[in-house]
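Computed from the coordinates by the stated procedures, all read-outs in this text should not be read as laboratory data. Predicted model only: the values in this text are computed from it and were never measured. Glycine gets a Cβ as well: all are built from the backbone with ideal geometry, and neighbour counts include every protein chain shown.
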Amino acid sequence: MTDLFNLLRYSTLAGYQWQQPRLLLLLLAVPLLFALRRLLARRRPRVVVAFGPGTSRRDWLAWLRFLPDLVLGLSLCFGIVALARPQRTDERIEQSGQGIDIVLAVDVSGSMEIQDLKPNRLEAAKRVAAEFLANRSGDRLGLVAFAGDAYSLAPLTTDYELLRENIAGLRLGMIANDGTAIGMALGVATNRLRESTARSRVCILLSDGENTAGSLAPLLAAQLAHAFGIRLYTIGLGQDGFVPYDQDAQGRTRYVQTRLDESTMRQLAAAAGGQFFRATDNGALQEVFKQINRLEKSEIKQLRYRNTKDFYRPYLWISVALWLLWLGLKSTFLSNPLED
């Protein structure tokens, strides 16, 4: 009985996928059939039956004459549901192939507050890095932040929500020792990637200045990365010359002179088998990450398995059982031969 009630629940019916959903519209025609039958019965010649004197007494037994019609109607409804072919489909996805291990090394030094990229260099880099993360699938990513020192904020992981939180948490002044330790940042990224068994290992370095801190020379760090099979993409942020920095007490924009050591950044990328990109505005920065997305593609293959199970049989058996019950009721006192 419990199984029968489960079959009739709205949540059960709504959870099906219907092979022939349009047939369910025939459910609306079932009461119309009985209405049409009543209408045709009224147009037949009536047989006048005389009863004795007195008033006929009505009780609940009189309503039993509608029971055969009710059983027939339910039989038709269950039959229509069976014809519409309720189904449920389970889909299983298997992934094969290898992803890419990528470490993002982001400069958080004081110069990243410069506003030639909007709202400033660091916030523009964070936004585009988050978009880059959203476009990866099956890859492990890690995060390194550097200023005068370099620190690993997130190991290589596919926990993209954790990575998004770490990228959003990047801020100016989070590393007490200011400066630009590009060599140290490459060293930390290499340390994360050197034991990786991924098909491709990549470091993406974002900086807006020249190496001014740290005990590891940038070129030596790039050569070490190359020795471990790590490819390096360097991205130079911002414009050269006088650029807006912040506002003074009177609300006037202050300017500061800045310069990117582009030749060194190109040299580092070339030493580690990668490329150098220059991003002087937000649009150019987005385009840089799109190019890296095209250059570094994962070889992930998806196999989909679909298992479809039919659920029409219980409704068909109920329809047949009600049909047989209707035939049996036609042979009892509940049947009205004058109407049939």
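R0 = 25 Å: FRET efficiency of Glu195 with Tyr151, Cβ-based, nearest 0.05?
0.85
Toward the positive end of the charge dipole of region 100-297, about the Cα centre and with charges on Cβ (Lys, Arg +1; Asp, Glu -1), which of Gly214, Met265, Leu133 goes farthest?
Highest projection toward the positive end goes to Leu133.
Show me the GluC sites (Glu not before Pro) within region 118-222 that DSSP assigns to loop and that have at most 14 other Cβ atoms within 10 Å of their Cβ.
Loop-located and lightly packed - Glu195.
Taking neighbour Cβ counts within 10 Å as the exposure measure, how do Ser207, Ser200 sort from fewest upward?
Taking fewest neighbouring Cβ atoms as first place, the list is Ser200, Ser207.
From the convex hull of the Cα coordinates of region 191-308, what is the mean projected area in square nanometres?
12.6
Scan around Arg231 for amide H atoms under 5 Å from its own, H built in the peptide plane at 1.01 Å from N, and keep only partners 5 or more places away or cross-chain.
Arg201, Val202, Cys203
Using DSSP to call loops (not H, G, I, E or B), can you name the trypsin sites (Lys or Arg not before Pro) in region 237-291 whose Cβ has at most 15 other Cβ atoms within 10 angstrom?
Passing sites in region 237-291 are Arg252, Arg259.
Restricting to bridges with both residues inside region 100-297, how much of the DSSP beta-bridge set is antiparallel, in percent to the nearest 5?
Antiparallel bridges: around 30 percent, rounded to the nearest 5.
If the cut-off is a Cα-Cα distance under 22 Å, which lysines reach Lys118, setting aside same-chain residues fewer than 8 apart in sequence?
Answer for Lys118, where 22 Å is the Cα cut-off: Lys126, Lys290, listed by chain and number.
Give the long-range amide H neighbours of Ala105: residues separated by 5 or more places, or on another chain, with amide H under 5 Å away, using H modelled in the peptide plane at 1.01 Å from N.
Residues meeting the criterion, in which the H sits 1.01 Å from N, are Val144, Ile204, Leu205, Leu206.
What whole number of Å gives the distance from the Cα centroid of region 182-244 to the Cα centroid of region 106-143?
Here the two parts' Cα centres lie 15 Å apart.
For region 100-297, which semi-axes, largest first and in whole Å, follow from the square roots of 5 times the eigenvalues of its Cα gyration tensor?
After scaling each eigenvalue by five and taking roots: 26, 18, 16 Å.
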